[in-house]
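Inspection log for the structure reproduced underneath, given as structure tokens.
The values are calculated or read from the model by the stated rules, or taken from the named source; none is laboratory data. Please read all numbers here as calculations on a predicted model, not as lab measurements. Note: ideal-geometry Cβ built from the backbone for every residue, glycine included; neighbour counts use all protein chains shown. To get the accessible areas, we keep the full protein, side chains included, count just its heavy atoms, and leave off ligands, DNA and RNA. Shrake-Rupley method; radii C 1.70, N 1.55, O 1.52, S 1.80 Å.
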Amino acid sequence: MLIFLLSCATDSYEYEYGQDKRSNKNSSEPSDEPAFEPSGEPNAEPSGEPSTEYVGSWIDLAVGDTHNCALDANGIAFCWGYSDAGQLQSQAEAFVEIEAGLWHSCARTQTGEVRCWGCQGQDLEQCDVPMGQYQSISTGQYHTCGITSSEEVVCWGCGSNRDYGQCDAPEGTYSQVAAGGGHSCALSTTGSIECWGCGDDNQGQCEPPSGNFVEVQVGVGHSCARTDQGDVQCWGRNQFSESIPPEGVVFSQIGLGHIHSCGVDELGAAHCWGCNAGPEANKDQCEALDVSFVYVDGGTGHSCGLSEEGEIVCWGCGSEWRWDKGQCDTPTGF
């Protein structure tokens, strides 16, 4: 039985799965309904209300474990949800890309500079951005990665007690990087995928398929990639069917959560899968709304999407889930 512990200064998230992640051995009696409730009591209400009202429609969306961030039409960042580590306290400048992790958030300026905030009480140096200009960024649970202006992958964070090799970026040139829990993956400029990390928790999520792809995304124990034909292949943990995308769907974008996956098809409909863990883990994060989307992504117990009209909608969080910190609320009216 896995006890997957995510700790911060005052709280800890504890998830039980029917598999020992540390030893990568199946338990003799796997649980059909793993307990998905965090241990301890949450001690922070939604906060970090931005000082400026958002302008126009949203242009970018990032879904973290229990918080989200978005950019308005002027590139101003807004974050909402769980706030215990300062991950909602965005900086007052214009950005072109934003990302949300576990205890931190990061954003990229038009000139390629990256700012990160949060990490309070759980500082693993994931907010300490190396000097340089970046083309894109991705935030994981304990680390951050970016593609530099020279198309190299750079990762930072991990600390001494959360280092599973996910910060040991490979050499080469890459067009996209995805940071997860204990592993990272990147899409090379030739279309192949390389993954690293996993430590002693290798459930196959660091063993990508061969072939040419145009997008790669990672969760905590699984990874998925999309071809230019819209086919999605997933690898790694599949305990809750998170690595089995629906058949016959042509995807235009994918996004992975903690133990579930989502994607947008060619008609703009959202599909989510991997919520077969029972009521303790299923917080309705796979019940995608009937909206025309351009982007969707998953967190721990929730999912969010950006509609064609530039509106943000979120679903999940369950009923009276004590870790519902407002991350399923629409940011309109902040």
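Out of curiosity, is residue 199 in a loop (DSSP other than H, G, I, E, B), at pLDDT below 95 and among the small types (Gly, Ala, Ser)? It is true that residue 199 is in a loop (DSSP other than H, G, I, E, B), at pLDDT below 95 and among the small types (Gly, Ala, Ser). Figure legend. Inter-residue proximity from the range 144-173: first residues farther than 17 Å from residue 123 by Cβ and small (Gly, Ala, Ser), second residues assigned to a loop (DSSP other than H, G, I, E, B) and open to solvent by 30 Å² or more (accessible area, probe 1.4 Å), beta-carbon distance below 6 Å, spacing 6+ or different chains. Indicated pairs: 149/133; 165/199. Here residue 328 passes the criteria (1) assigned to a strand (DSSP E or B); (2) among the hydrophobic types (A, V, I, L, M, F, W, C); (3) under 16 Å from residue 257 (Cβ atoms) except the one numbered (1).
Let's see how each residue does on (1) part of a loop (DSSP other than H, G, I, E, B); (2) at pLDDT below 95; (3) open to solvent by 10 Å² or more (accessible area, probe 1.4 Å):
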| site | (1), (2), (3) |
| --- | --- |
| 106 | no, no, no |
| 115 | no, no, yes |
| 160 | yes, yes, yes |
| 167 | yes, no, yes |
| 170 | yes, no, yes |
| 212 | yes, no, yes |
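Would you say residue 150 is modelled with pLDDT of 95 or more, of a type in the set (Ser, Thr, Tyr) and in a loop (DSSP other than H, G, I, E, B)? Yes: the conditions hold for residue 150. Each residue in the range 290-325 was checked for being under 18 Å from the mean Cα position of the chain (by Cα) and part of a loop (DSSP other than H, G, I, E, B), and 7 pass.
Look at (1) assigned to a loop (DSSP other than H, G, I, E, B); (2) open to solvent by 40 Å² or more (accessible area, probe 1.4 Å); (3) under 25 Å from residue 177 (Cα atoms) and you find that residue 279 fails only one, number (3).
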